[in-house]
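Encoded as structure tokens, the structure appears first; notes follow it.
The values are calculated or read from the model by the stated rules, or taken from the named source; none is laboratory data. In this text, all values refer to a predicted model and were calculated from it rather than measured experimentally. Neighbour counts are summed over all protein chains in view; Cβ atoms, including those assigned to glycine, are modelled from backbone coordinates with ideal geometry.
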Ligand code: 5CU
């Protein structure tokens, strides 16, 4: 069995430099009371950033920026420690979303070249999902798709849910999705923005750590983005589009039936002829155009994911370097990884054909990892 990790991130050193120069999120900041600089990414961390800036005894915002985020040697060490044969690395959130139109094209080119160079240092062990300069003009964006299509180890693109600023159901995004599909690049859809802070209530920032935005905000963001794409007919308009959804599709496998029923019973959609013969159901789209990662940490969620798309569309991932162990050595085994591996075993049986497929076989064939 070959093990492939398709959900594994890095921030190359040039990207970290940009974060260090910033005063608004995303940013990297050093605090006198901590050895590692802090990586502060999420809207939910803004309040604790302000508090720690004013009060040296306040709890530190964000997460420690350890060598796991930017060091290639560390990534390979992590792979070796966990028996991972191949990793498909990608820039972590929020990608290039915060750069201006004039900056993002050049930065995308340099980040993608850097990922390409890292992969070439470990041929056959590393591939990558490229990053697109979504704030740049259409022409620059299309040029970026052509550029990454020509990079030997590129197998797709990582995409957030905002698209060009109006979401993934925005008609202006269609030419990009068409170009990506025509280039046989798989989209890895990943959340970043979650839900508005008010949803978490007044106690969240002080008392609940990152649990609500990460456990609930991220999956709901993915679910909403893909449902909007479905309702806008994006999957029919770009029939060759293939998307891997992070975190086993958010809550889509669980909610697909309800989404489907709401579509069938919606007076407006029925009147507008959108529910007639020939409509592909959410279930059909899931089985034809969607892949899911297996980053759900429990066999309960994983079984729902398998039921929704089929075991031949699931791919193992770790979410490294996020979710490090807090009480054991970071250079050793990570519980977040073993939880995901154990979920596969519990869901489909140790050593089964389905386990072999989910742990690596599916990724090798879907992402052509046996080809140069
Ligand atoms: O811990 C986190 O904030 C994150 C994140 O930002 N991105 C990710 O992929 N996983 C966890």
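Given the options 218, 188, name the one that is out of contact with any strand residue (DSSP E or B) (no Cβ under 8 Å at 6 or more places or on another chain), touching a residue at least 24 places away in the same chain (Cβ under 8 Å) and under 20 Å from residue 96 (Cβ atoms).
218
Among the residues of segment 119-133, is any within 19 Å of residue 166 (Cβ to Cβ) and touching a strand residue (DSSP E or B) at 6+ places or on another chain (Cβ under 7 Å)?
Among the residues of segment 119-133, at least one is within 19 Å of residue 166 (Cβ to Cβ) and touching a strand residue (DSSP E or B) at 6+ places or on another chain (Cβ under 7 Å), which makes the answer yes.
Only one residue in 167, 163 is more than 16 Å from the ligand (Cβ to nearest atom) and touching a residue at least 40 places away in the same chain (Cβ under 8 Å), so which one is that?
167
With the structure loaded, tell me whether residue 114 is touching a helix residue (DSSP H, G or I) at 6+ places or on another chain (Cβ under 8 Å), at pLDDT 95 or above and surrounded by 13 or more Cβ atoms within 10 Å (Cβ to Cβ) or whether it fails that test.
The answer is yes for residue 114.
In segment 18-32, which residue that is assigned to a loop (DSSP other than H, G, I, E, B) and more than 13 Å from the ligand (Cβ to nearest atom) is farthest from residue 104 (Cα to Cα)?
Looking at residues that are assigned to a loop (DSSP other than H, G, I, E, B) and more than 13 Å from the ligand (Cβ to nearest atom), I get 32.
Checking residue 184 against (1) away from the ligand (no atom under 16 Å from the Cβ); (2) over 30 Å from residue 359 (Cβ atoms), only one condition comes out false. Which one?
Condition not satisfied by residue 184: (2).
Do you know which residues across segment 146-160 are surrounded by fewer than 20 Cβ atoms within 10 Å (Cβ to Cβ) and either in contact with a helix residue (DSSP H, G or I) (Cβ under 7 Å, 6 or more places away or on another chain) or within 19 Å of residue 89 (Cα to Cα) (or both)?
Of everything in segment 146-160, those that are surrounded by fewer than 20 Cβ atoms within 10 Å (Cβ to Cβ) and either in contact with a helix residue (DSSP H, G or I) (Cβ under 7 Å, 6 or more places away or on another chain) or within 19 Å of residue 89 (Cα to Cα) (or both) turn out to be 147, 149, 150, 151, 152.
Being within 30 Å of residue 336 (Cα to Cα), part of a helix (DSSP H, G or I) and within 16 Å of the ligand (Cβ to nearest atom) narrows it down to one of 213, 191, so name that one.
From the options 213, 191, the qualifying one is 213.
Could you look through segment 232-261, keep only residues that are outside any loop (DSSP other than H, G, I, E, B) and over 22 Å from the mean Cα position of the chain (by Cα), and pick out the one that is nearest to the ligand (Cβ to nearest atom)?
If we take residues in segment 232-261 being outside any loop (DSSP other than H, G, I, E, B) and over 22 Å from the mean Cα position of the chain (by Cα), then 259 is nearest to the ligand (Cβ to nearest atom).
Considering only residues that are in contact with a strand residue (DSSP E or B) (Cβ under 8 Å, 6 or more places away or on another chain) and outside any strand (DSSP E or B), look in segment 1-17 and name the one that is farthest from the ligand (Cβ to nearest atom).
2
Can you go through 286, 292, 269 and tell me which one is within 16 Å of residue 219 (Cβ to Cβ) and more than 16 Å from the ligand (Cβ to nearest atom)?
Step by step, each of 286, 292, 269 is checked, and only 286 is within 16 Å of residue 219 (Cβ to Cβ) and more than 16 Å from the ligand (Cβ to nearest atom).
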